[in-house]
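Worksheet for the structure shown next.
The values are calculated or read from the model by the stated rules, or taken from the named source; none is laboratory data. Not measured: the values here are computed from a predicted model. Cβ sites come from the backbone with ideal geometry, for glycine too, and all protein chains shown count toward neighbours. These area figures cover heavy atoms from the full protein model, side chains too; ligands, DNA and RNA do not enter into them. Shrake-Rupley method; radii C 1.70, N 1.55, O 1.52, S 1.80 Å.
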Amino acid sequence: MDDVVLHDFGFVKVTGHGVSNGEIREALDWTQKLFRLSYDEKMKARNPPGPMPHRGYSGTGKEKVYSKEDVELLKNDSGDVGKGLRKISDYKESYEIGSEHDPVQENIWLPEEVLPGYRSYMSGWYERLAGVSKLLLQIIGLGLEIEPDTEAHRQLLNLISDRHCQLRLLHYPPISKDKLENEMLARLPAHHDWGTFTLLFQDERGGLELQDPKTKAYLSAEPEEGSLVLNVGDMLQRSTNDYFISALHRVTVPTLDKVPAPGLPPRYSIPFFTCPDFASTVATLPKFITEETPGKYEPVRFDEYGSIVSKYQYQGE
């Protein structure tokens, strides 16, 4: 993994991460099995209303993803932030999974008879990706020349807690051209992730775009067998005093002139969001604060950082 590329762009394509092609295909196969269930079957693991717990199944168009900037802009323009954020439907369905040892959010599972083996497989897949994430964070530390077994190294490693990460399974259903012509739809609007970094596996259709921080142009993260995309989140940006920039990214709906007559095909992807413990305080690493680069961020508790936005999160049925 190239720390220079990560510094320049806030995202990088990673190979040699230890997750085999077969493992990635198996995870995507399970994701397709899940979303091919009937709506009534999936609703047996319904994500309850409200921001917590953020676990289980959310139906198509029932969840809204947005950035801190979206909320601040709408707070200035209108008293009803939630209403403003819900104007455009995010046309996707999702299933959220955390650690079985998370003391804050308990998983919501389908009954075993609905999809036999699903809980066991996804619990193991969560643990697998948590281990890969810790390894990648250590590699980032080596690139930053942070000495092992130092306070700075421990501070860096505390940016990931294996009991507070989040595994998300995503299905973007097919969209007819007629629906695109007559409704305000988005697959996933541009946003930043709040955590440390995100790992993304996507099917062969791809669709992820990330913004070049310098040119502001969006670059397509074309799928490559065996690779994953790592994008920086807000906690790693704050920890490095903007040496790494939280990546703005999206999954777009093409303009109508570029949509084939049958419409858009379905897309499946699996992001894994790495996070500190909810009660952890995240502060800038000392090596990134100098006379030339004074500190930009006050220490912040992770659970308090996202509280303003999360109370407007829309997941109503």
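Residues in region 31-48 include at least one that is at pLDDT below 95, surrounded by fewer than 18 Cβ atoms within 10 Å (Cβ to Cβ) and over 25 Å from Leu248 (Cα atoms).
Within region 236-272, the residues that satisfy the criterion of being open to solvent by 40 Å² or more (accessible area, probe 1.4 Å) and not aliphatic (A, V, I, L, M) are Tyr243, Arg250, Thr252, Pro254, Thr255, Asp257, Lys258, Pro260, Pro262, Pro265. If only residues of region 89-139 that are more than 21 Å from Asp162 (Cβ to Cβ) and charged (D, E, K, R) are counted, the one that is farthest from the chain's Cα centre (by Cα) is Glu113.
Among the residues of region 268-286, those that are within 18 Å of the chain's Cα centre (by Cα) and not in a strand (DSSP E or B) comprise Cys275, Pro276, Asp277, Phe278. Among the residues of region 1-45, those that are of a type in the set (Phe, Trp, Tyr) and in contact with a strand residue (DSSP E or B) (Cβ under 6 Å, 6 or more places away or on another chain) comprise Phe11, Phe35. Highlighted here are the strands (runs of 3 or more DSSP E) found entirely within region 196-267 that include at least 1 residues which are under 27 Å from Ala130 (Cβ atoms) and in contact (Cβ under 8 Å) with a residue 40 or more places away in the chain: 197-202, 208-211, 228-232, 249-251. Among the residues of region 109-137, those that are open to solvent by 40 Å² or more (accessible area, probe 1.4 Å) and either modelled with pLDDT under 95 or assigned to a loop (DSSP other than H, G, I, E, B) (or both) comprise Pro111, Glu112, Glu113, Pro116. Counting only residues that are touching a residue at least 12 places away in the same chain (Cβ under 8 Å) and open to solvent by 30 Å² or more (accessible area, probe 1.4 Å), region 138-150 holds 3 of them. Annotation note: of Gly226, Gly263, Gly233, the sole residue that is touching a strand residue (DSSP E or B) at 6+ places or on another chain (Cβ under 6 Å) and over 19 Å from Val4 (Cα atoms) is Gly263.
Can you work out which of the residues in region 174-191 that are buried (at least 16 other Cβ atoms within 10 Å of the Cβ) and outside any strand (DSSP E or B) is modelled with the highest pLDDT? Per the criteria, the residue is Leu180. Taken as a whole, region 151-173 holds at least one residue that is open to solvent by 70 Å² or more (accessible area, probe 1.4 Å), under 25 Å from Gly18 (Cβ atoms), under 20 Å from the mean Cα position of the chain (by Cα) and touching a residue at least 60 places away in the same chain (Cβ under 8 Å).
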